[in-house]
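Right, one structure below, let's go through it.
Just so you know, all these numbers are worked out from the coordinates, no wet-lab data involved. Small disclaimer: the values here were computed from a predicted structure and weren't measured. When we count neighbours, we look across all protein chains shown, and the Cβ atoms used for this are built from the backbone with ideal geometry, even at glycine.
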Amino acid sequence: MGIPVPEFKVLLYGPSLHPSGIRARARFEGDSLAVTAHKGFFLVPPHLINLRTGGFDGRQWLITWAAQEGTYSAMLQSEEALEAFIQLAPEEIGRQFRQTHKSQLLTGRRVIIGLIVLALLVLLILGLFQVNADRLSLWAVSHINQEQEEKLGDLIYAQMRPSLKVLETGVTPAAVRAIGKRLTAESNYHYQFHVVVDPRINAYALPGGHIVVYTGLINAASSAGEAAGVLAHEISHVEKRHALRNMVHALGLRAILGVALGNYSGGVWGNLAEHLGSLNYSRELESEADMEGLETLHRAGIAANGMETFFAKMTQWENATTHLLSRHPAGDERLAALRAAIARQPIEAGPPLQIDWEQIKSDLCDSAQNQPDCSV
Ligand SMILES: [Zn+2]
């Protein structure tokens, strides 16, 4: 029985050894390193011994030395091996170990500091985006030309279309198109007016010129002039690019990315239709659409009293779902502003709208497709 020789396990790599390393045992004989493997024995003098860290995660300790046939490395495989090595190493090797260890810690710390700085930068960019969201949205909108805007509108309408019951033919869609055509005669946009079977009192505009009108609104209007007032308001949301602005704002970074990439396909813009529900306009934009709507009626030579009477009715209705006026605390104020504007600039009415609105409504009621309340 002898005293067990203090040694530690290593994995040995080197010329003509198996590439995944061979098991070996190492110990110190004086200041020299002695490595024993079944394929041979190495005695490495202290001046040839080098320490470095390596391995796939950079945290393995390697003892390396140069020999005539090439460089050898002995990897300390486990925590126990590392501890034994530290205990047994002669002073000079121990000093080398501490130095390498210190620089490794520093590198690790630098990596952590780098990551923290990166995270702060990302937060800063996101923060800047939040603060500048309005300006970025305006930038994006100003870089979307009319053709691209119409393409986006077509994309949204195509996404919405399967869930809508659209009246394609008949006197009602024809009447709505006729009024719309007269209102948009001077516009650069290519408008499309869609009548959707839905009893709610609603109408809305998509970017680029799609206007959707519910049958509920058609039934709630008393005359072609009232319907024209609503259409003029919606057309103004298109002309003033309110619909586009709201959509870009709701989409945020994604819209800005789409504009920056010049990509107007569904891939980048995603399912736009699902964002429409949240597209409520600010009070300023609604007021602007009111005033611009009056101008639109004026240019088309259509009397503004239809717009006024319909909006006055809407302030009284609870069930109106449109953004037009209802449920807005500012409804009365907007109506007052509308009346004042009409008083300032009376419209020289052109040829009257040759549409019998009662006929349109009874036609809607007769239509087998149509479900709205026909008593209105
Ligand atoms: Zn509006």
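Towards the positive end of the charge dipole of the chain, with charges on Cβ (+1 Lys, Arg; -1 Asp, Glu), say which of I342, G306, T107 has the farthest Cα.
My answer, from the dipole projection, is T107.
List the longest stretch of the chain that has no exposed loop site; here a site is one of the GluC sites (Glu not before Pro) assigned by DSSP to anything other than H, G, I, E or B, with at most 15 other Cβ within 10 Å.
Working: sites that count: E69, E168, E186, E318, E348.
Formally, the longest exposed-site-free interval is 187-317.
Please state the charge dipole magnitude for region 172-304, taken about the Cα centre, from unit charges on C-beta atoms (+1 on K and R, -1 on D and E), reported in debye and rounded to the nearest 20. Walk me through the numbers before you get to the answer.
Working: 10 positive and 12 negative charges, 60 e Å.
With only Lys, Arg, Asp and Glu charged at Cβ, the dipole is about 280 debye.
Which trypsin sites (Lys or Arg not before Pro) from region 127-219 combine a DSSP loop assignment with at most 13 other Cβ atoms within 10 Å?
On the way: sites: R135, K151, K165, R177, K181, R182, R200; in loops: K165, R200.
Here the sparse-neighbourhood loop sites are K165.
Compare G267, G54, G350 in a GNM of the chain, Cα atoms joined below 10 Å, and give the one with the largest fluctuation.
Highest fluctuation among the options: G54.
Given a 10 angstrom Cα cut-off, can you work out which residue in A343, A37, A260 is the most mobile in a GNM of the chain?
A37
Please list the equivalent ellipsoid semi-axes of region 8-93, computed as the square roots of five times the alpha-carbon gyration tensor eigenvalues, in descending order and whole angstrom.
Numbers: eigenvalues 59, 50, 31 Å².
Each semi-axis is the square root of five times an eigenvalue, giving 17, 16, 12 Å.
Straight distance only, please: which lysines reach the Cα of K39 with their own Cα at less than 23 Å, same-chain residues fewer than 8 apart left out?
K9
Place +1 on the Cβ of every Lys and Arg and -1 on the Cβ of every Asp and Glu in the chain, take the dipole about the Cα centre, and give the residue among F193, G54, I156 whose Cα lies farthest towards its positive end.
Projecting each Cα onto the dipole axis, the largest value belongs to G54.
Only Lys, Arg, Asp and Glu count, each charged at its Cβ (+1, +1, -1, -1), so figure out the dipole size of region 134-366 about its Cα centre, rounded to 20 debye.
340
Once you charge only the Cβ atoms, +1 for Lys and Arg and -1 for Asp and Glu, what is the size of the charge dipole of region 8-93 about its Cα centre, to the nearest 20 debye? Intermediate results must be reported in sequence, preceding the final value.
Details: 7 positive and 9 negative charges, 72 e Å.
The dipole of region 8-93 has a size of about 340 debye.
Can you give me the convex hull volume of the Cα atoms of the chain, divided per residue and expressed in Å³? Before the final figure, lay out each step's value.
Working: hull volume 95.6 nm³, N = 376.
Dividing the Cα hull volume of the chain by its residue count gives 254 Å³.
In region 134-366, with Lys and Arg counted as +1 and Asp and Glu as -1 at Cβ, which of these residues, L272, W317, H242, has the Cα nearest the positive end of the dipole, that is, farthest along it?
L272
For the chain, what is the mean residue ellipticity at 222 nm derived from helices alone (per DSSP H run of n ≥ 4: -39500 (n - 2.57); sum divided by total residues; nearest 500 deg cm²/dmol)? Could you put the intermediate results ahead of the total?
Details: 15 runs with 192 residues, N = 376.
About -16000 deg cm²/dmol.
Between Q192 and residues 5 or more places away or on another chain, which pairs have amide H atoms under 5 Å apart, with H built 1.01 Å from N, and which residues are they?
H210, I211
Using a Gaussian network for the chain with springs between C-alpha atoms less than 10 Å apart, which of these wobbles most: V131, V230, V196?
V131
When the chain is fully extended, how far beyond the present Cα-Cα distance does A343 get from E186, taking 0.36 nm per residue of separation? Walk me through the numbers before you get to the answer.
On the way: separation 157, 0.36 × 157 = 56.52 nm, distance 2.46 nm.
Gain on stretching A343 to E186: 54.1 nm.
Amide H to amide H under 5 Å from L33: which residues, 5+ apart in sequence or cross-chain, H placed 1.01 Å off N in plane?
V44
Based on alpha-carbon centroids, what's the gap between region 174-244 and region 82-148 in Å, whole number please?
54
For R334, R59, what ranking results if the residue with the fewest other Cβ atoms within 10 Å of its Cβ goes first?
Exposure proxy ranking, most exposed first: R59, R334.
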